[in-house]
Number of protein chains: 2
Amino acid sequence: MKITRRDLIKASAATAVWGTFARVTAGFGDSLPSWNEGASKKAILAFVKDTTEKSSSKYVEPKDRVATFDQDGTLWTEHPLYTQAMFALDRLGKMAPQHPEWKETEPFKSVLTGDREAMGKFGEKDWMEIVAVTHAGMGTEEFLALVRPWITTAKAPRFDRLYTDLVYLPMLEVMRYLREKDYRTYIVTGGGQEFVRVYSDPTYGVAPEQVIGSSIVTKYDNSSGKPVLMREPKPFFIDDGPGKAIGINMFIGKRPCAAFGNSDGDRQMLEWTQAGDGGRLMMLVHHDDAMREYAYGPGGGLPDTQVGRFSDELFAAANKNGWIVISMKDDWKRVYSFER
Amino acid sequence: MKITRRDLIKASAATAVWGTFARVTAGFGDSLPSWNEGASKKAILAFVKDTTEKSSSKYVEPKDRVATFDQDGTLWTEHPLYTQAMFALDRLGKMAPQHPEWKETEPFKSVLTGDREAMGKFGEKDWMEIVAVTHAGMGTEEFLALVRPWITTAKAPRFDRLYTDLVYLPMLEVMRYLREKDYRTYIVTGGGQEFVRVYSDPTYGVAPEQVIGSSIVTKYDNSSGKPVLMREPKPFFIDDGPGKAIGINMFIGKRPCAAFGNSDGDRQMLEWTQAGDGGRLMMLVHHDDAMREYAYGPGGGLPDTQVGRFSDELFAAANKNGWIVISMKDDWKRVYSFER
């Protein structure tokens, strides 16, 4: 749809009430300017139309408009390593002088010597040990005070940009568009809930109370007369895989109408979303753009990875269930907002 | 402040814009009509003024306006027994024909024979066994489908009223008033999160996602092709005592500005609330009105109870910390909305 400046002037002259005019012209704008035309963009627009226009058979009341977004690999770049893991490794380096024993103890030794091959093979136990020393043993506010300066200064090496600059502009547009249509947008991440809450509002426009994530046990301690929630080196809730459906039910108590993910850990969130009635939208970001970002799968014949794995099985499930696979390469006109 | 019909007519004649008039006159209304004049009402009004007027040194941005409310004994009647316990006992009775072995097994035997003395001595283990058979072993949606018809029909014996009729009108007014001033009102209950979410919106105007409560473990099961969250007979999170501070941090990630409770299990919620900066309001409902509701303590020299215990220690903490104790008898003009 094309509208010339002349049309605008004519329209405005004919319209006595400016508010009405603004509302009418708003319909002419493209809410998803960073998306190329295609099936993905079409599906998003159709879903919003179906669920928010009162005349639609799939109309959803505003109070039930919930959309959930995985974070790593869905809203921002997760390669070569999750941002929170980078934070943990940075912090380990800063703490090392006080822990000479780490020079001889795994998994710390591999981190401190920069042994990327060994780190690539870290299992859950290794990461839990790293989380235990870098994320626990302090109060919640002390932890937030460590994350805040890091996230506003640390840079992703390949791009020499803040990690928060590596959010996907097309996904920000989807979130904003949904919120304009009275959807509440939740982040549902395998990452640490407290970590993500530090930057979720300025970065995504998502309030802390709309961030659902993994958490460790906290313990109430009022022994000093000023209560503290002490972070203990013990997992409490793992918001990944089936945990995403469980977390959504626990935190929201409503089933999402739309869910966006990018890896095997998002499968159950999409299944859970799809199992509801009415208009539904399930989408998976496929990282097939080594030029502008990264390319990995192994789904779609791309290199295998342990960070944000999109398996052949997930691809098959997407085909079977009608989930839409977003091709970063083909569907996104721009990936990051700093691109020209 | 008194305003006559004549004043209103004069004012409206003098005011060209009706919207402005409506906004101005709104200030004349009493937002808390069921409260008697006194320290409690004054404290609520002062708190709202302090935290919502931009010129105030204690001004709080709308996004940080959070108020938390315990449910049982704070928002509705909890005596002689918590409503959810009544649901469990009712359900036990309905299930009994299929479980002849319960006639000989405690704690079921005492429930089925109506042995109130034995039931009064039930410990956590007994109640967990009752919860296990009445609240678990089914999917979340199946559970909600049991609660819905019960809560809309079951009646509290003494009043012969729906349990949801036994909400405190003065507290509904506080919640409504806070929401008018852009506060988000959360329920933070030791009761079951899924149970309370069934009726929280119609009863209190609190959306399910703003109900924080105790929960049992749920397990994702997609074996039938339609995913179900199975409720397991195992506690996951106990939202009571220190758990209330932990739950608030976990679910909201923001510290409340105001907290309302009525028993020992609310103490840490009030401590946690008070430990923040700026305008604060901590209040405890004291059940000192045997005539209109119930009278129990033992704080304040009233009869002891295991249901919503308000201990002498809590009374002392309230005095020491400046928490306001609401006297149901003196502060509330009306308790329930069905009173004339």
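The values are calculated or read from the model by the stated rules, or taken from the named source; none is laboratory data. The structure presented is a predicted model; accordingly, all values stated were derived computationally and were not measured. Because the Cβ atoms are built from the backbone with ideal geometry, glycine has one as well, and the counts that use them run over all protein chains shown.
Considering only region A:248-269, state which residues are without any contact (Cβ under 8 Å) to a residue 60 or more places away in the chain and more than 10 Å from every other protein chain (Cβ to nearest Cβ).
Of region A:248-269, the ones without any contact (Cβ under 8 Å) to a residue 60 or more places away in the chain are A:249-250, A:253, A:264, A:267-268.
A:D264 - this is the single residue of region A:248-269 that is without any contact (Cβ under 8 Å) to a residue 60 or more places away in the chain and more than 10 Å from every other protein chain (Cβ to nearest Cβ).
Each row is one residue, and each column tells you yes or no for (1) buried (at least 20 other Cβ atoms within 10 Å of the Cβ); (2) within 27 Å of A:E209 (Cβ to Cβ); (3) at pLDDT 95 or above.
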| position | (1), (2), (3) |
| --- | --- |
| B:R148 | no, yes, yes |
| B:D165 | no, no, yes |
| B:K181 | no, yes, yes |
| B:I212 | yes, yes, yes |
**Asked** Would it be correct to say that A:A290 is within 14 Å of chain B (Cβ to nearest Cβ), out of contact with any strand residue (DSSP E or B) (no Cβ under 9 Å at 6 or more places or on another chain) and free of Cβ contacts under 8 Å to residues at least 60 places away in the same chain?
**Response** no
**Asked** Is one or more of the residues making up region A:191-201 more than 14 Å from chain B (Cβ to nearest Cβ), without any contact (Cβ under 8 Å) to a residue 40 or more places away in the chain and within 30 Å of A:N36 (Cα to Cα)?
**Response** no
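Condition first: more than 8 Å from chain A (Cβ to nearest Cβ) and within 28 Å of B:S311 (Cβ to Cβ). Now tell me which residues in region B:202-215 satisfy that.
Within region B:202-215, B:Y204, B:V206, B:I212, B:G213, B:S214 qualify.
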**Complete:** Checking B:V60, B:V24 in turn, the sole residue that is modelled with pLDDT of 95 or more and either out of contact with any strand residue (DSSP E or B) (no Cβ under 6 Å at 6 or more places or on another chain) or in a loop (DSSP other than H, G, I, E, B) (or both) turns out to be B:V60
**Message:** I'd like to check something: does region B:239-247 contain any residue that is under 22 Å from B:G192 (Cα atoms), more than 17 Å from the chain's Cα centre (by Cα) and modelled with pLDDT under 95?
**Reply:** no
**Request:** Kindly provide the set of residues from region A:181-225 that are acidic (D, E) and within 24 Å of B:R184 (Cα to Cα), ordered by number.
**Result:** A:D182, A:E194, A:D201, A:E209
**Asked** When region A:118-146 is examined, which residues are found to be among the charged types (D, E, K, R) and modelled with pLDDT under 95?
**Response** A:K121, A:E124, A:K125, A:D126, A:E129
**Message:** Exactly one of these conditions fails for B:D277: (1) at pLDDT 95 or above; (2) closer than 25 Å to A:V196 by Cα. Give me its number.
**Reply:** (1)
**Message:** So A:G241 ticks every box in (1) within 30 Å of A:L172 (Cβ to Cβ); (2) more than 9 Å from chain B (Cβ to nearest Cβ) but one. Which box is left unticked?
**Reply:** (2)
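Can you name the residue in region A:116-127 that is buried (at least 17 other Cβ atoms within 10 Å of the Cβ) and of a type outside the set (D, E, K, R) and is also farthest from the other protein chains (Cβ to nearest Cβ) among such residues? Spell out how you get there, then give the answer.
As a first pass, look at region A:116-127 and keep what is buried (at least 17 other Cβ atoms within 10 Å of the Cβ): A:119, A:122, A:126.
Those still in the list that are of a type outside the set (D, E, K, R) too: A:119, A:122.
Values: A:M119: 30, A:F122: 26 Å.
Checked region A:116-127; the qualifying residue farthest from the other protein chains (Cβ to nearest Cβ) is A:M119.
Could you grab me the full set of residues in region A:208-234 that are of a type outside the set (D, E, K, R) and under 21 Å from the mean Cα position of the chain (by Cα)?
Applying the first criterion (of a type outside the set (D, E, K, R)) to region A:208-234 yields A:208, A:210-218, A:220, A:222-225, A:227-230, A:233.
Answer for region A:208-234, where residues must be of a type outside the set (D, E, K, R) and under 21 Å from the mean Cα position of the chain (by Cα): A:P208, A:Q210, A:V211, A:I212, A:G213, A:S214, A:S215, A:I216.
Is it the case, given these coordinates, that A:P233 is more than 11 Å from chain B (Cβ to nearest Cβ) and either in contact with a Pro (Cβ under 9 Å, 6 or more places away or on another chain) or under 25 Å from A:R176 (Cβ atoms) (or both)?
Answer is no for this residue.
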**Prompt:** Only one of (1) touching a residue at least 12 places away in the same chain (Cβ under 8 Å); (2) in contact with a Phe, Trp or Tyr (Cβ under 7 Å, 6 or more places away or on another chain); (3) surrounded by 20 or more Cβ atoms within 10 Å (Cβ to Cβ); (4) aliphatic (A, V, I, L, M) is not met by A:V217, so which one is it?
**Reply:** (3)
**Request:** All but one of (1) touching a strand residue (DSSP E or B) at 6+ places or on another chain (Cβ under 9 Å); (2) outside any helix (DSSP H, G or I) hold for B:D165, so report the exception by its number.
**Result:** (2)
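Suppose the filter is over 14 Å from A:P170 (Cα atoms), loosely packed, with under 15 Cβ neighbours inside 10 Å and under 23 Å from the mean Cα position of the chain (by Cα); does A:P80 pass it? Reasoning before the result, please.
On the way: over 14 Å from A:P170 (Cα atoms): yes; loosely packed, with under 15 Cβ neighbours inside 10 Å: no; under 23 Å from the mean Cα position of the chain (by Cα): yes.
Considered against the rule, which asks whether it is over 14 Å from A:P170 (Cα atoms), loosely packed, with under 15 Cβ neighbours inside 10 Å and under 23 Å from the mean Cα position of the chain (by Cα), A:P80 comes out as no.
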**Request:** Considering (1) farther than 30 Å from A:Y199 by Cα; (2) within 13 Å of chain A (Cβ to nearest Cβ), say which one B:P303 fails and leave the rest.
**Result:** (2)
**Request:** For residues that are more than 19 Å from A:T68 (Cα to Cα), in a loop (DSSP other than H, G, I, E, B) and hydrophobic (A, V, I, L, M, F, W, C), tally how many sit in region A:274-306.
**Result:** 3
**Prompt:** For A:S223, which of the numbered conditions (1) within 11 Å of chain B (Cβ to nearest Cβ); (2) over 22 Å from A:A317 (Cα atoms); (3) assigned to a loop (DSSP other than H, G, I, E, B) fails to hold?
**Reply:** (1)
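If you go through region A:193-211 one residue at a time, how many are under 25 Å from A:S337 (Cβ atoms) and in contact with a Gly (Cβ under 6 Å, 6 or more places away or on another chain)? Walk me through how you get there before you give the answer.
Within region A:193-211, the subset under 25 Å from A:S337 (Cβ atoms) is A:195-208, A:210-211.
Next cut, in contact with a Gly (Cβ under 6 Å, 6 or more places away or on another chain) only: A:196-197, A:208.
Here the count works out to 3.
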**Asked** Do we have any residue at all in region B:156-176 that's within 11 Å of chain A (Cβ to nearest Cβ) and within 20 Å of B:Q84 (Cβ to Cβ)?
**Response** no
**Asked** Can you name every residue in region B:112-141 that is under 26 Å from the mean Cα position of the chain (by Cα) and without any contact (Cβ under 8 Å) to a residue 60 or more places away in the chain?
**Response** B:R116, B:M119, B:K121, B:F122, B:G123, B:E124, B:K125, B:D126, B:W127, B:E129, B:I130, B:T134
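Residue by residue, here is whether (1) more than 22 Å from B:L144 (Cβ to Cβ); (2) among the charged types (D, E, K, R); (3) surrounded by fewer than 21 Cβ atoms within 10 Å (Cβ to Cβ) holds:
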site: A:G241; (1), (2), (3): yes, no, yes
site: A:G265; (1), (2), (3): yes, no, no
site: A:W272; (1), (2), (3): no, no, no
site: A:R292; (1), (2), (3): yes, yes, yes
site: A:A316; (1), (2), (3): yes, no, yes
site: A:G322; (1), (2), (3): yes, no, yes
site: A:I326; (1), (2), (3): yes, no, no
site: A:D331; (1), (2), (3): yes, yes, no
**Request:** Report, by residue number, each residue of region B:161-186 that is closer than 23 Å to A:A67 by Cα and within 12 Å of the chain's Cα centre (by Cα).
**Result:** B:T185, B:Y186
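Which of the residues belonging to region B:63-92 are part of a helix (DSSP H, G or I) and acidic (D, E)? If you could, list the steps in order and put the result at the bottom.
Pass one, region B:63-92, residues part of a helix (DSSP H, G or I): B:63-64, B:83-92.
The answer is B:D64, B:D90.
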**Asked** Could we say that A:V133 is of a type outside the set (K, R), crowded, with 20+ Cβ neighbours inside 10 Å and in a helix (DSSP H, G or I) here?
**Response** no
**Asked** Quick one: in region A:136-162, which of the residues that are outside any helix (DSSP H, G or I) and either among the acidic types (D, E) or touching a Pro at 6+ places or on another chain (Cβ under 7 Å) (or both) is nearest to A:F338 (Cα to Cα)?
**Response** A:D160
